[in-house]
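K.L.:
The structure's right below; bear with me while I get my questions together.
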Amino acid sequence: MTMQSSDKPSNFLADKLGGRHLRDVFGRFVTGITVITAPSSSGPISIVANSFSSVSLDPALVLWSADRLAKRYNYFEAADHYAIHVLSVEQSGLCKQVLRSAYALNEYPHLLNADGVPLIDHCLARLECRRIAAHDAGDHVIIVGQVQRTEIRDGAPLTFFSGNYGTFTSLEGELD
């Protein structure tokens, strides 16, 4: 049965694509925050992304998208290996550092894996990946990676919603 709603929000704008409005629409979807790291000839490089998603369990594939006009894009386009770090709420400071500087890891403790990829500790999850594909998608490129190693720990996630950072609150049992 189809129902019609007559109670549209007062700020409802139909069919207005582009610019700030479209960013606001996309921002209504809560996401986790990731820091993606890769080696570069200038040292460890990092970028913040909330466009991360799982693709496949078998084989284990993930994706993230990069703005092709971003200053850091060329480093990740050239990287055969990278790591995706799902940040905890305690890592909001790291998120801010990476947003300010591609080379934030020069001032932040990290390890290097066998492929030279910088690895950040204390994340909720870490996926070490080998890039297997890149697909043009508008002003971004979708980067697909095969997961080679993972790590996971308990904690509260750092989230992003409507231009603000926050965390997740469980509704345990409320939807049963």
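K.L.:
Using only the alpha carbons of the chain, determine the length spanned along each of the three principal axes and report them from longest to shortest in whole angstroms.
P.N.:
Cα extents, longest axis first: 58, 39, 35 Å.
K.L.:
Please compute the modelled spin-label separation between Leu22 and Phe161, points set 7 Å along Cα→Cβ, answer in nm with one decimal.
P.N.:
Output for this residue pair reads 2.5 nm.
K.L.:
Quick check for you: which residues of region 21-50 have the amide N under 11 Å from the point 7 Å beyond the Cα of Phe168 toward its beta carbon?
P.N.:
31-33
K.L.:
How many nm is it between the label spots at Asn113 and Ala60, if each spot is 7 Å from the Cα in line with the beta carbon?
P.N.:
It works out to 0.9 nm between the two label points.
K.L.:
Loop only per DSSP, at most 14 neighbouring Cβ atoms within 10 Å: give me the trypsin sites (Lys or Arg not before Pro) in region 123-176, ordered by residue number.
P.N.:
Arg153
K.L.:
Using a cut-off of 13 Å between beta-carbons, work out the net charge of the residues near Pro118 (Lys and Arg +1, Asp and Glu -1, Pro118 not included).
P.N.:
Taking every Cβ under 13 Å from that of Pro118, the sum is -3.
K.L.:
Over the chain, what is the relative contact order in percent, taking alpha-carbon pairs closer than 8 angstrom and at least six residues apart?
P.N.:
25 percent
K.L.:
Additional query: Using a 10 angstrom Cβ neighbour count of at most 13 plus a DSSP loop assignment to flag exposed chymotrypsin sites (Phe, Trp or Tyr not before Pro), which longest range of the chain is free of such sites?
P.N.:
My reading of the result: 30-167 is the longest stretch.
K.L.:
Using amide H atoms built in the peptide plane, which far-off residues or other-chain residues are under 5 Å from Gln148 H to H?
P.N.:
The list, which skips near neighbours in sequence, is Glu128, Cys129, Arg130.
K.L.:
Please sort by residue number the GluC sites (Glu not before Pro) in region 65-135 whose DSSP state is loop and whose Cβ has at most 12 other Cβ atoms within 10 Å.
P.N.:
Numbers: sites: Glu77, Glu90, Glu107, Glu128; in loops: none.
Hits after loop and neighbour filter: nothing returned.
A short reminder: the numbers here are calculations on the coordinates, not readings from a lab. None of the values given here were measured: they were computed from a predicted structure. Heads up, the Cβs are rebuilt from the backbone with ideal geometry, glycines too, and the neighbour counts pull from every protein chain shown.
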